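Novice: Below is the structure I would like to discuss, written out as structure tokens.
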Amino acid sequence: MEDFSSRWQTSDGLRRRQQAIRAFANGLVSSDPLPNLLAMTEEGLVDLRGLDLPEHTRVTGKTFSGLDLSYARLGYLELIDCRFENIRFAHASKPRFMDRGSSFRRVDFAHADLRYAAIGMASPNNTGRRSEYQTVNFDHAKFTGASFLCPTFDNCDFSYAALKGIDFDGSSFKSCIFSGRLESIWFNRVPRFASDRKFCADSPPNSMADVDFSSASLWDVSYSGNVDLSSTTIPGDGLHHLTRHFPNALEAAKDRIQQAGWSDEEARRSGNLIAAYLVHAQSQDIWIINQREFCDWWGEQCGMQLVQFIVAGDEI
């Protein structure tokens, strides 16, 4: 891999870095006259690869287009009411990244470090704008510790992104792709807490319309607020099942367990699991269950039979 950072550290590179930082802070599009020392990539993007921005950069109300910031080190990047189009942030490092009311279209975050990012919330400037991501690539991006509040994602690719322990809290997804393992994830129709909704402007409820999980594996993934999963494509491994009447299916499974003559311990443990699911199912009709997850919890025989009971109960 080419070392893009060292070129900013020569005497000439330091001058170019200062030009790039000033240009970035004021908004930068590739069609604008460029500072003399900045160049273009072969793809026609302003070449800012490997740029090391200051420790804290706050940008408000600026437009960015046609930039390549791959492998850049962006420090604490705070973006408010900004517009990004045709930008590459591939492999960029963002120890802190906060977005409020900004839009991203045709932006590449592949392999970017988005750990502990704060994504979403309406603009604090009373513009009514919300965070929007359209045709954005998050392939293999790292989201560990990230927080979300009501951004919209349209036609975005989360293939093999590091998604574990994430509450998407009112984030809206449409025509998005998820691949690889998702673990301890929460999809909500609207923000779970009324106190958070004031930060979401007029964000639409999460429709999950045409979301594609066909190459994903869902572990401890929860849904709430009656988010509509009817148009989602479930994982294609034959081990995931979509239930359309989840509360009824759980209640029916309890009856079937009693009829099946399970041991007291097996019935007790399964009853506890069903009771835990019923807490969420009171506000969620449709659910995707992972048979492998049940088998890991209860063993092959009991796990498979419990899934069969739930699926059978959904068909009643």
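Taken together, the values in this text are just the output of simple stated rules run on the coordinates, not laboratory data. Since the model is a prediction, treat every value here as computed from it, not as a measurement. Cβ atoms come from the backbone with ideal geometry, glycine included; neighbour counts cover every protein chain shown.
Novice: Could you pull out every residue, at least 5 positions away or on a different chain, whose amide H is within less than 5 Å of the one on C176? Hs are placed 1.01 Å off N in the peptide plane, and Pro or chain starts have none.
Specialist: The answer is N155, C156, V211, D212.
Novice: On C-alpha positions alone, give me the angle between the axis of helix 11-25 and the longest principal axis of the chain, in degrees, nearest 10.
Specialist: So the helix axis and the longest Cα principal axis differ by about 60 degrees.
Novice: If one computes the Cα centroid of the range 1-62 and of the range 89-148, what distance in Å separates the two points?
Specialist: Using only Cα atoms, the two centres lie 20 Å from each other.
Novice: Sticking with this structure for a sec: Which one of T232, T152, T41 has the biggest mean-square fluctuation once the chain is modelled by GNM with Cα springs under 10 Å?
Specialist: It is T41.
Novice: Just round it to a whole percent: the fraction of Cα-Cα distances in the range 22-90 exceeding 20 Å.
Specialist: Considering the range 22-90, 19 percent of its Cα-Cα pairs are separated by more than 20 Å.
Novice: A further question follows. Going by amide H atoms built from the backbone, whose H comes under 5 Å of the H on D220, apart from near neighbours?
Specialist: Residues meeting the amide H criterion: S184.
Novice: Would you be so kind as to identify which of F148, S31, F138 lies farthest towards the positive end of the dipole of the chain, taking Lys and Arg as +1 and Asp and Glu as -1 on Cβ and the Cα centre as origin?
Specialist: Result: S31, furthest along the dipole toward the positive end.
Novice: Build a GNM of the chain with springs between Cα atoms under 10 Å: which of C302, C82, C150 gets the top mean-square fluctuation?
Specialist: C302
Novice: At 1.306 mPa s and 10 °C, plugging the Kirkwood radius over alpha-carbon pairs of the chain into Stokes-Einstein gives what diffusion coefficient in µm²/s?
Specialist: Approximately 74 µm²/s, per Stokes-Einstein.
Novice: Hey, what angle do you get for helix 264-281 against the long axis of the chain, alpha-carbon based, 0 to 90 degrees rounded to 10?
Specialist: For helix 264-281, the angle is close to 50 degrees.
Novice: With labels modelled as points extended 7 Å from the Cα through the Cβ direction, what inter-label distance (nm, one decimal) is found for L278 paired with Y76?
Specialist: 4.8 nm
Novice: Give the whole-number value, in cubic angstrom per residue, of the convex hull volume spanned by the C-alpha atoms of the range 241-316.
Specialist: 73 Å³
Novice: Using only the alpha carbons, work out the radius of gyration and Dmax of the range 141-255 in angstrom.
Specialist: Expressed in Å, the Cα Rg and Dmax of the range 141-255 come to 14.3, 45.
Novice: Follow-up. Can you check what the net charge comes to around S159, using other residues whose Cβ is under 11 Å from the Cβ of S159 (Lys, Arg +1; Asp, Glu -1)?
Specialist: -3
Novice: How large is ³J(HN,Hα) for each residue in the range 175-187, as worked out from phi by the Karplus curve 6.51 cos²θ - 1.76 cosθ + 1.60 (θ = phi - 60°), to whole Hz, x for Gly and Pro?
Specialist: Going residue by residue, I get 6, 9, 10, 10, 10, x, 8, 10, 9, 6, 10, 10, 9 Hz, with x marking Gly and Pro.
Novice: Using unit Cβ charges (K, R positive; D, E negative) and no other charged atoms, how large, in debye to the nearest 20, is the dipole of the chain about its Cα centre?
Specialist: Here the chain has a charge dipole of around 1220 debye.
Novice: Taking only the alpha-carbon atoms of the range 91-184, what semi-axes of the equivalent ellipsoid follow from 5 times the gyration tensor eigenvalues under a square root, in whole Å, largest first?
Specialist: 20, 14, 13
Novice: Any idea what angle helix 300-314 forms with the longest principal axis of the chain, computed on alpha-carbon atoms, 0 to 90 degrees, nearest 10?
Specialist: 90 degrees
Novice: Per 10 Å bin, what is the whole-percent P(r) computed from every C-alpha pair distance within the range 190-271?
Specialist: The percentages, shortest bin first, are 14, 31, 31, 19, 5, 0.
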